[in-house]
Amino acid sequence: MDPAFPRKPLETNPLPHNFGYPQTSPLDYHGAMELHTKLGAAIRITWLAIIVLGLGTVGYVLIEHATWMDALYMTVITVTTIGFREVFPLSTSGRVFTMILALSGVGVMLYAVSVIASWMMETDLSRLLGLRKEHRMINKLSRHIVLCGAGRTGQTVIEIFQARKQPFVVIDRDAERCRQLEAQGVLTVHGDATSQRVLEAAGVARASTLISSLADDAHNVYAILLARRLNPTLKIIARAAGDAADEPLKLAGADTVINPYKTGAMRIAFTALKPAVIDFLDASLPGTNTNLELAEIRVEQGSRLAGQTLASANVRKKFGLIVVALRRGNESLFNPPTDTPIEPGDILVALGPTQNLEKLERASG
């Protein structure tokens, strides 16, 4: 095995039942583990207190032949040290039992109260409620994009997605970064993208695309392997951190591998060699000051464009757009002839004003 990609378990830190979240959907993986530990301790001590009350009640019924309500009342005032008068006369056995119950029960009840009070003070209930809301919102998503890693590259991707109102979910291990993204209204899963449960929490099985932009290529490989197993039809885009990572990332299941260093170098070179071409490409990208945009538009079933040719659809005249290419399946036809038929599922790559592209999108269904 390549030493650049050391062995690592595909599944890390399985999350047991976490009381309130579905087992496979920890929105804040590390926070859920901490919450599970605290809540588990509180539940165990609560059960212990219930057992003490139950044993005390049964003891008084058996020893003093008291009614169940009187026995429970006597048990409660004993273990809580309220000190009201005895509800019924106590025999010698009853008094011995009461002393044992007081010595053992008072300690249990005080410890139970302290544990529950500590949990309530230390747990961020507002964040817990926020996570549950995020969980419901993510569960409603379908055909969305999952972004693994919100570093420098990821931040730029997030800004573009927000500007385009593209539904997406971010996975990141940095708790502070996740809180900042949540404050911006970004659906976020705090956890390790190399964990199957975290990917499931982000809805990878229902997503259309996954972008793996983790800190190193080894983690990208593992995230891609898991994502591909969860969703075989997922489109996966990977950012390569090293020069030799392209092939391992593609072998892991990435459809497209982008090396930002190579891409940046090519841009610098072509800006020097062909500045007009680069200026035109920049102008056609969203986020620029021009009203010109290069976009891809999918033709849906039942669209009024489906079944027509480019000539009969008259895209240039009706919409004021130039169809640069037509993509069908894995094949792309650049500068398609006017007699090219438009079929459902085709993707039209069109160039023109943004508002005209929006009109074509509505016409394509």
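Each reported figure results from applying straightforward, stated rules to the coordinates on display, with no laboratory input. Just so we're clear, the structure is a prediction, and the values are computed from it rather than from any experiment. Reconstructed Cβ throughout: ideal geometry from the backbone, glycine too, with neighbour counts over all protein chains shown.
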Worksheet item: Based on the mean of other beta carbon atoms within 10 Å per residue, what is the order of 292-302, 198-208, most packed first?
Response: 198-208, 292-302
Item to complete: Just grab the label-to-label distance for LYS274 and HIS65, each label 7 Å out from Cα along the Cβ direction, in nm (one decimal).
Response: 10.4 nm
Item to complete: Take MET266, MET109 and order them by how many other Cβ atoms sit within 10 Å, fewest up front.
Response: MET266, MET109
Worksheet item: What residues have an amide H closer than 5 Å to that of VAL189, excluding those fewer than 5 places away on the same chain, when H is modeled at 1.01 Å from N in the peptide plane?
Response: VAL170, ILE171, ASP172
Discussion item. Spelling out what I want: for every residue of the stretch 84-100, take phi, set θ = phi - 60°, compute 6.51 cos²θ - 1.76 cosθ + 1.60 (Karplus), and round to whole Hz; glycine and proline get x.
Written reply: 5, 5, 5, 6, 9, x, 9, 7, 4, 4, x, 5, 4, 4, 5, 5, 5
Discussion item. For a quick check: sort THR188, THR81, THR209 by the number of other beta carbons within 10 angstrom, fewest at the front.
Written reply: THR81, THR209, THR188
Worksheet entry | Förster radius 35 Å - calculated FRET efficiency between ARG44 and ALA183, Cβ distance, rounded to 0.05 | 0.50
Discussion item. Between ALA363 and LEU292, what's the calculated FRET efficiency when r is the beta-carbon distance and R0 is 22 Å? Round to 0.05.
Written reply: 0.65
Worksheet item: Residue by residue through the stretch 199-211, which ³J(HN,Hα) values in whole Hz follow from phi under the Karplus form 6.51 cos²θ - 1.76 cosθ + 1.60 (θ = phi - 60°), with glycine and proline marked x?
Response: 4, 5, 4, 7, x, 4, 5, 9, 6, 9, 9, 10, 10
Fill in: Gain in span if fully extended, THR153 to ASP243, counting 0.36 nm per residue against the direct Cα distance
30.7 nm
Worksheet item: So how far apart, in nm, are the two label points at LYS318 and LEU333 if each is 7 Å from Cα heading toward Cβ?
Response: 1.8 nm
Worksheet item: Hey, fewest Cβ within 10 Å first, where do ILE224, ILE342 land in order?
Response: ILE342, ILE224
